[in-house]
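**Student:** Pasting a structure here, questions to come.
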Amino acid sequence: MTDGVPEEQRLFIGGSWVVPDHGFYEVTDPASEGVVGLAPEASREQVRAAAAAAREAFGPWSRTPAEERAAVLERAAGIIRRNLVPYAELAQAESGATTGTARAMQVGVGMARFHRYARVEPVEQPLPPQINEAGPFGGAAVMGAVAVRQPVGVVTCITSYNNPWANPAGKIAPALAMGNTVVVKPAPQDPLSVYRMAEALEAAGVPPGVVNVVSGTGPEVGEAAVDSPDVDMVSFTGSTAVGQRIAEVCGRGMKRQLMELGGKGAAVVFDDADLESAVSGIGTTFSFYSGQICTAPTRVLVQRGVHDRLVEQLAAYAGHLKVGDPREPGTVVGPVISAAHRDRVESYVELGRKEGARVVAGGQRPPYERGFYVAPTLLADCTPDMRVVREEIFGPVVVVVPFDDEEEGIALANDSDYGLIDYVWSGDVARAFRVARRLRAGGVGVNTVGRNMEAPFGGFKKSGVGRDVGSYALHAYSEVQAIVWPG
């Protein structure tokens, strides 16, 4: 913003900042409803040009020594570190995150991911000699072999709005580290932060065409970034419905996919659990990104012996959270991303009422003239067949379903189309791990909602395809090639 006039952001294609064919659109602050800036609206032709630039840059970048690629990522991490505060202020304005979240969990985690993937790891794995079976080219022989990881090629990275730093960095950094080039299509609600990331990479010395960023409000940009013949892989974070459409296009072109989709995380709470820990962990759904996070424990399955106590304590927890301007000290729950999404979340609360759920906390819009706020809401007396129990709401709404014994708790947790992250709380650690092994989810937290950032991340069922984070991301953005020779 310069003298009250929103700044016009340009596209980043082939190392140049390009005027968009379709003009600009306003990016809105979810807290104030003011204009943060003007984002570029790319044409289909410009997206294709970005993919072509990435294709042209792929050969030289993939042959660049891994140590040199890593050095670029490390320099980018340093630039982000030096600009953390202004980057966080922009991210906060775009996404509505609280100050602490914008600095630590958005820009801070994004910076950490560039730093982590600057740590080059071996890409070759020697294999033990084997006796080769007789084949069409000769008799049996002792053969040596090595498994080599090769970059996939051009990767389209389509990112979600709930974290405009950590999510794109989690795709871009490992993709570049492995020698791929990228076309990044950020979420239309908060794309400006991704352009700041591109600026940091440009300043760090990334060659032209290695990183390209194109944005837009309609489906045209995303579709062009997926179906371009220059694209070899699509890495997508977003809704299951959109992921399914992307998978259809990828299937026609035999393109590799990495999909992190929706979630309806089950928190299985046994009657011997530390309720204070369980309430604190489940309560992050109300506050962290205002519930706009697919890993949230939104579906609470609680053993009847502690059901009433847990509901009472969760209701009290929700009622004490400060909802309001994310820039104000003490604010815990900021706005959701848009008016449309606020209306969607509220419609689910009303649906829950109609289905017979009891609203024990929240349920009313906070009394602010501006901003897209939703009160932390707890729905009790829920049954497994209710839509509020089965469908992803993606807001600060928690539903509670009682169960009697371990078998029922496991069955209820697994009775879902989703399987991203589930949780178990129990004082019996052996039981907690036994239950965890039987949950159909890509990850399980035992007595915690914390995550190990080297652990594989991804989902079962409609929660996604593939795994990333840590060294698993290096595998996700590479193909394995076997090289064999006579021993």
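**Student:** Within the accessible area of the chain, what % is carbon and sulfur when the probe is 1.4 Å and the other protein chains stay in place? Mind dumping the intermediate values first?
**Tutor:** Numbers: 10520 of 19910 Å².
Taking all protein chains in place, the chain shows 53 percent carbon and sulfur surface.
**Student:** Within the chain, what is the longest stretch that has no chymotrypsin sites (Phe, Trp or Tyr not before Pro) placed in a DSSP loop and near at most 15 other beta-carbon atoms within 10 Å? Mind dumping the intermediate values first?
**Tutor:** On the way: sites that count: Phe137, Tyr368.
The longest uninterrupted stretch comes out as 138-367.
**Student:** Let me ask something else about it. So for the chain, taking the charge dipole from beta-carbon charges (+1 Lys/Arg, -1 Asp/Glu), which of Pro402, Asn452, Ser287 sits furthest toward the positive end?
**Tutor:** After comparing all options, I get Asn452.
**Student:** Something else about it: So how far, in whole Å, is the C-alpha centre of region 83-123 from the one of region 1-54?
**Tutor:** One Cα centre to the other: 21 Å.
**Student:** What distance in nm lies between label points placed 7 Å from Cα along the C-beta direction at Ile483 and Arg10?
**Tutor:** 4.2
**Student:** If R₀ is 56 angstrom, what is the calculated FRET efficiency for the pair Asp271 and Glu45, using the beta carbon separation as r and rounding to 0.05? Intermediate values should be presented prior to the final figure.
**Tutor:** Working: r = 61 Å, r/R0 = 1.09.
So the FRET efficiency works out to roughly 0.35.
**Student:** Gain in length, Arg353 to Ala147, computed as 0.36 nm per residue apart minus the alpha-carbon separation, to one decimal in nm?
**Tutor:** Working: separation 206, 0.36 × 206 = 74.16 nm, distance 5.66 nm.
So the extension gain works out to 68.5 nm.
**Student:** Computed from these coordinates, which is Rg/Rh (Cα atoms, Kirkwood Rh): (i) 1.00; (ii) 0.97; (iii) 1.05?
**Tutor:** (i)
**Student:** Rounded to the nearest 20 debye, what is the charge dipole size of region 373-471 about its Cα centre when +1 sits on each Lys and Arg Cβ and -1 on each Asp and Glu Cβ?
**Tutor:** On the way: 11 positive and 15 negative charges, 90 e Å.
That gives a dipole near 440 debye.
**Student:** Moving on to the next point. Asn414 versus Arg370, label points 7 Å from Cα toward the beta carbon: distance in nm?
**Tutor:** The two pseudo-label positions are separated by 5.2 nm.
**Student:** Nearest 20 debye, what's the magnitude of the dipole of the chain about its Cα centre given +1 on Lys and Arg Cβ and -1 on Asp and Glu Cβ? Don't skip to the answer; put the middle values down first.
**Tutor:** Details: 45 positive and 57 negative charges, 137 e Å.
Here the chain has a charge dipole of around 660 debye.
**Student:** Given the rule -39500 (n - 2.57) for each run of at least 4 DSSP H residues, summed and divided by the residues of the chain, what is its mean residue ellipticity at 222 nm, to the nearest 500 deg cm²/dmol? Can you show the working numbers first?
**Tutor:** Details: 16 runs with 179 residues, N = 487.
Computed ellipticity for the chain at 222 nm equals -11000 deg cm²/dmol.
**Student:** Further, regarding this structure: Given H placed on each backbone N at 1.01 Å, which residues far from Val374 in sequence or on other chains put an amide H within less than 5 Å of it?
**Tutor:** Those qualifying (amide H under 5 Å, at least 5 residues apart or on another chain) are Val336.
**Student:** Could I ask something else about it? Amide H to amide H under 5 Å from Trp425: which residues, 5+ apart in sequence or cross-chain, H placed 1.01 Å off N in plane?
**Tutor:** For Trp425, whose amide H was placed from the backbone, the distant partners under 5 Å are Val268, Val269, Phe270, Asn447.
**Student:** Region 304-335 to region 223-269: how many Å between their Cα centroids?
**Tutor:** Using only Cα atoms to place each centre, the spacing works out to 33 Å.
**Student:** Lys/Arg Cβ at +1, Asp/Glu Cβ at -1, dipole of region 260-377 taken about the Cα centre: which of Ala340, Gly371, Gly352 is farthest positive-ward?
**Tutor:** In region 260-377, that residue is Ala340.
**Student:** So for region 361-404, averaging the separation of alpha carbon pairs under 8 Å that are six or more residues apart and normalising by length, what relative contact order in percent results?
**Tutor:** Values: 51 pairs, mean separation 15.7, N = 44.
Relative contact order of region 361-404: 36 percent.
**Student:** Could you give the longest part of the chain that holds none of the trypsin sites (Lys or Arg not before Pro) found in DSSP loops with at most 14 neighbouring Cβ atoms within 10 Å? It would help to have the intermediate numbers written out before the result.
**Tutor:** Details: sites that count: Arg119, Lys322, Arg370, Arg451.
Longest gap between qualifying sites, sites excluded: 120-321.
The values are calculated or read from the model by the stated rules, or taken from the named source; none is laboratory data. Keep in mind that this is a model prediction, so the values were computed, not measured. We place every Cβ from the backbone using ideal geometry, glycine too, and count neighbours over all the protein chains shown. Note: areas computed on protein heavy atoms with side chains; ligands, DNA, RNA excluded. Shrake-Rupley method; radii C 1.70, N 1.55, O 1.52, S 1.80 Å.
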